[in-house]
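The values are calculated or read from the model by the stated rules, or taken from the named source; none is laboratory data. Computed from a predicted model, the values in this text were never measured in an experiment. Cβ: placed from backbone, ideal geometry, glycine included. Neighbour counts: every protein chain shown.
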């Protein structure tokens with residue numbers, strides 16, 4: 001793992017970054033604006049509504065320095081700082097503590113989070129918050145740290161068990177203010193209304209969804225990405241790709257999310273492989289930080305689909321990296337969904353760089369996109385099959401049944417039954 005002394009020193013603190021070119025050509029579904037002047041007659045007008053949630057976002061090299069001021073603006077005096085062992089080893093936890101103290105705050109540190117955060121870890125974090133008399137929660141870490149932070153906030157303000165809030169909009173009381181600084185590029189947890197927690201009794205991942213879970217302030221500092229090990233860069237980057245793809249074809253997609261989804265897919269295609277093989281490449285790391293942010297803004301508002309619904313079950317069963325599972329499943333889910341409505345996948349294929357994607361016959365679009373996803377995943381060392389990472393054939397029936405209860409399945413663009421999930425799992429096996 002890289003140490004702090006290897007960090008690049010020439011990265012500017014901020015910059016204006018243009019979107020990938022030609023995205024406008026890919027946004028074919030945006031509705032026309034209402035005509036100017038007086039209110040038009042309403043008969044026959046579409047009743048579709050677009051909703052968009054977003055935190056305050058600060059993006060740029062060096063913005064970790066602002067974490068103390070961000071917490072103080074939210075009323076912090078004694079914030080709980082949530083990290084994990086990897087973040088502490090990289091030195092980011094120590095830097096965060098210094099910035100919090102420099103802002104006049106008295107932080108309490110807690111770092112007992114593991115990948116795919118567990119229910120008992122959330123309870124321990126809530127106990128640390130209460131014991132420290134904390135008032136704001138600051139997360140510095142990847143998706144596991146940020147998801148655990150959200151769940152801790154729910155418990156300390158709403159009580160009960162964390163799985164009392166599994167599902168959509170079941171959190172009744174406001175939670176403590178949240179600041180999130182991601183150290184990975186892919187989860188989008190710093191801007192999302194999701195928290196995914198492992199139920200160690202049922203051996204599955206439970207999804208909590210609601211606007212209450214959107215952090216108040218997101219601080220994205222691309223410098224924090226250089227300490228990721230290669231495997232984590234690869235898996236989180238593939239998670240960002242899956243977020244972009246599933247958000248774009250989601251039943252809840254809108255003109256407010258489409259541009260972010262396509263931007264994320266294009267940025268992953270341009271920068272992921274380079275960021276894995278050259279961790280100190282400034283342009284690649286900044287590009288992947290942007291990809292993660294764009295994907296997060298897309299999926300938190302459009303929600304996701306079958307790839308995530310299935311991967312949550314496997315991750316809960318075997319405690320495997322979420323992005324790795326998405327990389328294996330996504331090509332097969334794309335083939336399944338594109339068979340019903342291929343036109344929705346054409347802009348995605350173009351964004352990822354599929355040659356002549358806009359001119360391909362409908363029956364070739366899904367396969368072309370699936371193949372391109374597989375090529376990228378292979379290039380960065382991702383596994384290709386579920387059997388290769390420890391899933392057994394005996395696991396498949398239970399995984400198929402459990403998937404049907406996952407909230408992400410509600411926005412998959414094609415109806416899915418247990419037999420469909422079984423077929424996807426067998427194809428990926």
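Within segment 398-411, residues that are more than 20 Å from residue 169 (Cα to Cα) sit with their Cβ atoms under 6 Å from residues that are surrounded by fewer than 20 Cβ atoms within 10 Å (Cβ to Cβ), at 6+ positions apart or across chains, in these pairs: 400/418; 400/422. Out of everything in segment 381-406 that is under 21 Å from the mean Cα position of the chain (by Cα) and buried (at least 20 other Cβ atoms within 10 Å of the Cβ), what residue ends up being farthest from residue 246 (Cα to Cα)? The qualifying residue farthest from residue 246 (Cα to Cα) is 382.
Can you name every residue in segment 313-335 that is more than 20 Å from residue 262 (Cα to Cα) and either modelled with pLDDT of 95 or more or in contact with a helix residue (DSSP H, G or I) (Cβ under 7 Å, 6 or more places away or on another chain) (or both)? Talk me through it step by step, then tell me what you get.
Pass one, segment 313-335, residues more than 20 Å from residue 262 (Cα to Cα): 313-322, 324-325, 328.
The answer is 313, 314, 315, 317, 320, 321, 322, 324, 325, 328.
Of all residues in segment 342-362 being part of a helix (DSSP H, G or I) and over 23 Å from the mean Cα position of the chain (by Cα), which is surrounded by the most Cβ atoms within 10 Å (Cβ to Cβ)? Ranking the qualifying residues of segment 342-362, first place goes to 357.
Take the residues in segment 207-219 that are over 16 Å from residue 137 (Cβ atoms) and touching a residue at least 60 places away in the same chain (Cβ under 8 Å), then tell me which one is surrounded by the fewest Cβ atoms within 10 Å (Cβ to Cβ). Give the steps one after another, and end with the answer.
At the first step, the residues of segment 207-219 found to be over 16 Å from residue 137 (Cβ atoms) are 207, 209-211.
With the extra rule that they be touching a residue at least 60 places away in the same chain (Cβ under 8 Å), the set shrinks to 207, 209, 211.
Values: 207: 22, 209: 23, 211: 11.
Across segment 207-219, the extreme among qualifying residues is 211.
Among the residues in segment 151-159, are any closer than 15 Å to residue 111 by Cα, crowded, with 22+ Cβ neighbours inside 10 Å, in contact (Cβ under 8 Å) with a residue 60 or more places away in the chain and touching a helix residue (DSSP H, G or I) at 6+ places or on another chain (Cβ under 7 Å)? The answer is yes; a qualifying residue exists.
Does residue 293 satisfy the condition of being farther than 30 Å from residue 59 by Cβ and touching a strand residue (DSSP E or B) at 6+ places or on another chain (Cβ under 9 Å)? Step through it out loud before you land on a result.
Values: farther than 30 Å from residue 59 by Cβ: no; touching a strand residue (DSSP E or B) at 6+ places or on another chain (Cβ under 9 Å): yes.
In short, no.
For segment 397-416, the set of residues classified as in contact with a helix residue (DSSP H, G or I) (Cβ under 7 Å, 6 or more places away or on another chain) and assigned to a loop (DSSP other than H, G, I, E, B) consists of 404, 406, 412, 413, 414, 416, listed by residue number.
Quick one: how many residues across segment 296-308 are on the phi < 0 side of the Ramachandran plot and in contact with a strand residue (DSSP E or B) (Cβ under 9 Å, 6 or more places away or on another chain)? Write out each step before concluding.
We begin by selecting, within segment 296-308, every residue on the phi < 0 side of the Ramachandran plot; these are 296-302, 304-308.
Going one step further and asking which of them are in contact with a strand residue (DSSP E or B) (Cβ under 9 Å, 6 or more places away or on another chain), we end up with 296-297, 299-300, 304, 308.
Adding up the residues that qualify gives 6.
Does residue 365 count as in the same structural domain as residue 251 (by TED's automatic domain parsing), in contact (Cβ under 8 Å) with a residue 12 or more places away in the chain and assigned to a loop (DSSP other than H, G, I, E, B)? No; evaluated as a whole, the condition is false for this residue.
If you go through segment 380-396 and keep only what is touching a helix residue (DSSP H, G or I) at 6+ places or on another chain (Cβ under 7 Å), without any contact (Cβ under 8 Å) to a residue 60 or more places away in the chain and part of a loop (DSSP other than H, G, I, E, B), you end up with 383, 384, 385.
Scanning segment 278-294 for residues that are free of Cβ contacts under 8 Å to residues at least 60 places away in the same chain and assigned to a helix (DSSP H, G or I), we see that the one that is surrounded by the most Cβ atoms within 10 Å (Cβ to Cβ) is 294. Considering segment 127-148 alone, what residues qualify as being crowded, with 24+ Cβ neighbours inside 10 Å and either modelled with pLDDT under 95 or under 21 Å from residue 200 (Cα atoms) (or both)? Correct list: 142, 143, 144, 145, 146, 147, 148. Of the residues making up segment 417-429, one or more are closer than 21 Å to residue 239 by Cα and not in a helix (DSSP H, G or I).
Each row is one residue, and each column tells you yes or no for (1) touching a residue at least 40 places away in the same chain (Cβ under 8 Å); (2) closer than 30 Å to residue 156 by Cα.
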{"site": "199", "(1), (2)": "yes, yes"}
{"site": "204", "(1), (2)": "yes, yes"}
{"site": "263", "(1), (2)": "yes, no"}
{"site": "271", "(1), (2)": "no, no"}
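Evaluation of residue 300 against the conditions (1) in contact with a helix residue (DSSP H, G or I) (Cβ under 8 Å, 6 or more places away or on another chain); (2) assigned to a helix (DSSP H, G or I) shows that the sole unmet condition is (1).
For segment 146-165, the condition of being in a loop (DSSP other than H, G, I, E, B) and in contact with a strand residue (DSSP E or B) (Cβ under 9 Å, 6 or more places away or on another chain) holds for none of the residues.
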